[in-house]
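Input: one structure, supplied below.
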Amino acid sequence: MQKAIRVKAGLAMMLCGVLAAGCAGTAPTGAKGTDPHAVQVGAPGAATCRPTTASENATGAAVTNQLRQQAGLAGVAPNPQLARVAAAHACDMAQRGRMTHLGDKTTGPAMRLKQAGYQPTISAENIAAGPYSLPRVLAEWNASPGHQANIMLPQVRDYGVGQALGPDGRTVYWAAVYSAPR
């Protein structure tokens, strides 16, 4: 798992990525099933959660594909099932005020995909929390070597992105899921 924390103008912008390969892959965990790389961003509370639009998911896939094509990799397709999984995880993080690959009841992106009926051969996830718009979070992930590692996995074929607004009304929690079906 890679994590980058940058501070600009007094505001912490946090990014994190995880790769889970194969059917047994999950996010790395520490003792007692905790995520040692999790970051408490704000207080828990009621978040503003909404589904990803088809346009947002297509935009995310297009920006992701620009980077993949520069490396000679096949593009990813915007997948509404992956977008729902990403949006649900962004909502879970926002409600807990916590940026983490571990869900409230899940161990990582592979488990969330399986619960949604998608059977991954590989899964990866990038997450972020901060004052990000969709173009900004995509640019941050594309500029980060750790996040590029997930974006550039040659095996992935499907893509989904989701967001939720934290209880503070300012912090946007993001999740992007990269995967390929069995």
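Can you tell me how many residues within the range 98-118 are in a strand (DSSP E or B) and not aliphatic (A, V, I, L, M)?
Total satisfying the criteria: 1.
Sticking with this structure for a sec: Residues being surrounded by 13 or more Cβ atoms within 10 Å (Cβ to Cβ), among the aliphatic types (A, V, I, L, M), assigned to a loop (DSSP other than H, G, I, E, B) and in contact with a Gly (Cβ under 7 Å, 6 or more places away or on another chain): count how many of those fall in the range 41-87.
Looking only at that region, the number is 2.
Go through (1) open to solvent by 10 Å² or more (accessible area, probe 1.4 Å); (2) assigned to a helix (DSSP H, G or I) and name the single condition THR121 misses.
Checking THR121 against (1) open to solvent by 10 Å² or more (accessible area, probe 1.4 Å); (2) assigned to a helix (DSSP H, G or I), the one that fails is (2).
Residues of the range 126-182 being assigned to a helix (DSSP H, G or I), open to solvent by 10 Å² or more (accessible area, probe 1.4 Å) and under 19 Å from SER55 (Cα atoms), which ones?
Correct list: LEU134, PRO135, ARG136, ALA139.
The values are calculated or read from the model by the stated rules, or taken from the named source; none is laboratory data. Note that the coordinates shown come from a computational prediction; the quantities given were computed from them, not determined experimentally. So basically every Cβ, Gly included, is an ideal-geometry build from the backbone, and we count neighbours across all protein chains shown. Side chains are part of the model used for accessible areas, which takes the heavy atoms of the whole protein and leaves out ligands, DNA and RNA. Shrake-Rupley method; radii C 1.70, N 1.55, O 1.52, S 1.80 Å.
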